[in-house]
Amino acid sequence: MRYSLGSIIANAVSGQRLWPMAWRKAAPKPSYDAIIVGGGGHGLATAYYLAKEHGLTNIAVVEKGWLGGGNVGRNTTIIRSNYMLPDNTRFYEWSLKLWENLSRELNFNAMVSQRGVINLAHTPAQLDAYARRGNAMRLAGVDAELLDRDEVARRVPGLDVSDQARFPILGGICQPRGGTVRHDAVAWGYARAADRLGVDIIENCEVTGFVYDGERVAGVDTTRGRIEAPKVGVAVAGSTSQVMRLAGFERLPIESHVLQAFVSEGLKPFLDTVVTFGAGHLYISQSDKGGLVFGGDIDGYNSYAQRGNLPIVEDVASSAVAMFPSLARIRLLRSWGGIMDMSMDGSPIIDRTPKPGLYLNAGWCYGGFKATPGSGWCFAHTIARDEPHPLNAAFSLDRFRTGALLDERGAGATPRLH
């Protein structure tokens, strides 16, 4: 069923009994043309673009849990393309363009809200760096505005922009086309659209091993039996090192860390843009339901535990109150803990692997959600053509051997700093 005003009216008069399931509960077949391991945003987007752009419809997406239960449902929903390095700028701008038409393309309301993203500057050097980044963005055709303190105060009335602020604000940089997207809807929309193109989405199906014919991948073993395919793509975010170990990769240039996100009780309209705190690490916006959605740093140690902890709660909450003193008495309703696959240069990996037929999508650090459409689009191209698209050619696995790194922050090989 195509979602439309007519379908809404028809279901309204029928007691909402005509809605079909958004996607089939597919059972695994013995073989496919391609298997995507991971039913998160990146995996589902990859399957959708493989079918739509490359005509490969005999595809299985295997997910160990349920759709939307991983990182695609554990993030702060921010989208942007405000990067400086050309390879990052081109890729994330393409992803942002895909976001802008996504609801219409998928016939599913992803609630894309281009409310702007403002990065605050707290030192003259930081403001100079933002001016440089903004110029690089505008030269690449990406929107950017440099803001002085008065303009920041006008756009974000709740900020403490006084000279007595703990972290005085000198200005900022804004990308007006940045914003937020309803994260669950992204998973549901891609799943429904891929299903309509013939993709089998197999939930509660955990990969337990990889099947090889010589050096070439030939399928996967799962908790629901063996599934054969000449091409297997892995897009499992924080579980990358565990899943790739099953494929024979003992070491990858990533670390796994917990990242938490928080939601407050509902407030009246308070914040109509996304704000990031440049002197520490805080990003905050207000959802359509009124809750403040925010996050901060990852845990400083490696872990696979998907749970929060009070030191990070205190750290992030104190940053929020330092920037917005009026938030001191609001109550937190809930938090999530998701595992980030932090790469050594802060940039992702979308590439073939040394094993023919096996492809890897990983290393998204803090920013995997905003890249979902572009990541799926490029990973689909890489799998279908067995070569990277120019947009993801720089995101190679081999760059950590050759030294051709994409270190946007210049933080070096310290994953928790990216």
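The values are calculated or read from the model by the stated rules, or taken from the named source; none is laboratory data. Everything quoted here is computed from the prediction, not taken from an experiment. Note that we place each Cβ from the backbone using ideal geometry, even for glycine, and neighbour counts take in every protein chain shown. With ligands, DNA and RNA removed, areas are computed over all heavy atoms of the protein, side chains included. Shrake-Rupley method; radii C 1.70, N 1.55, O 1.52, S 1.80 Å.
Once R0 is set to 51 Å, what does the formula 1/(1 + (r/R0)^6) return for the Cβ-Cβ distance between ARG245 and SER4, expressed as a FRET efficiency to the nearest 0.05? With R0 = 51 Å, the Cβ-Cβ based efficiency is 0.65. Taking the centroid of alpha carbons for each part, segment 368-386 and segment 94-140 are 19 Å apart. Potential lengthening of the chain between ARG416 and ASN109 amounts to 107.1 nm, from the contour at 0.36 nm per residue minus the alpha-carbon distance. With a simple spin-label model that places each label point 7 Å from the Cα along the Cα-to-Cβ direction, the separation between ASN101 and ASN58 comes to 3.0 nm. Put a plus charge on the Cβ of each Lys and Arg, a minus charge on the Cβ of each Asp and Glu, and nothing anywhere else: the dipole of the chain about its Cα centre is then about 940 debye. Taken about its Cα centre, segment 1-154 carries a charge dipole of roughly 600 debye when the Cβ of each Lys and Arg holds +1 and the Cβ of each Asp and Glu holds -1. Take the Cα of ASN11, go 7 Å toward its beta carbon, and the backbone nitrogen atoms of segment 104-126 under 13 Å from that spot belong to 108-109. May I ask for the angle, rounded to the nearest 10°, between helix 310-323 and the longest principal axis of the chain, with both axes built from Cα atoms and the value confined to 0 to 90°? The helix 310-323 is inclined about 50 degrees to the chain. A crude spin-label estimate for the pair LEU267 and GLU215, with each label 7 Å from Cα along the Cβ direction, gives 5.7 nm. Of LEU333, LEU406, the order by accessible heavy-atom surface (1.4 Å probe, DNA, RNA and ligands excluded), from most exposed downward, is LEU333, LEU406. In the chain, Cα pairs under 8 Å separated by at least six residues give a relative contact order of 22 percent. Here ARG226 and LEU332 are evaluated by their C-beta separation; at R0 = 41 Å the FRET efficiency comes out at 0.35. Principal-axis analysis of the Cα atoms of the chain puts helix 183-196 at an angle of about 30° to the longest axis. Annotation: amide H of GLY291 within the under-5 Å range of LEU267, sequence separation 5 or more or interchain, hydrogens built in the peptide plane. Counting Lys and Arg as +1 and Asp and Glu as -1 over every other residue whose Cβ lies under 10 Å from the Cβ of LYS64, the net charge comes to -3. For the chain, DSSP calls about 75 percent of its internal beta bridges antiparallel. Of GLY266, GLY40, PRO176, which is farthest towards the positive pole of the chain's charge dipole, taken about the Cα centre with +1 and -1 on the beta-carbons of Lys, Arg and Asp, Glu respectively? Looking along the dipole axis, the top candidate is GLY266.
Think of each Lys and Arg Cβ as +1 and each Asp and Glu Cβ as -1; about the Cα centre, that makes the dipole of segment 228-350 roughly 340 debye. Taking a cut-off of 28 Å between Cα atoms, list the lysines near LYS370, but don't count ones fewer than 8 places away on the same chain. Leaving aside lysines fewer than 8 places away in the same chain, those within reach of LYS370 are LYS25, LYS52, LYS64, LYS97, LYS231, LYS268, LYS289. Taking Cβ atoms as reference points and 13 Å as the exclusive limit, the residues near HIS389 contribute a net charge of -2, counting Lys and Arg as +1 and Asp and Glu as -1.
Taking other residues whose beta carbon is less than 10 angstrom from the beta carbon of PRO373, and scoring Lys, Arg as +1 and Asp, Glu as -1, yields 0.
For the chain, the longest principal axis of the C-alpha atoms and the axis of helix 372-385 are separated by about 30°.
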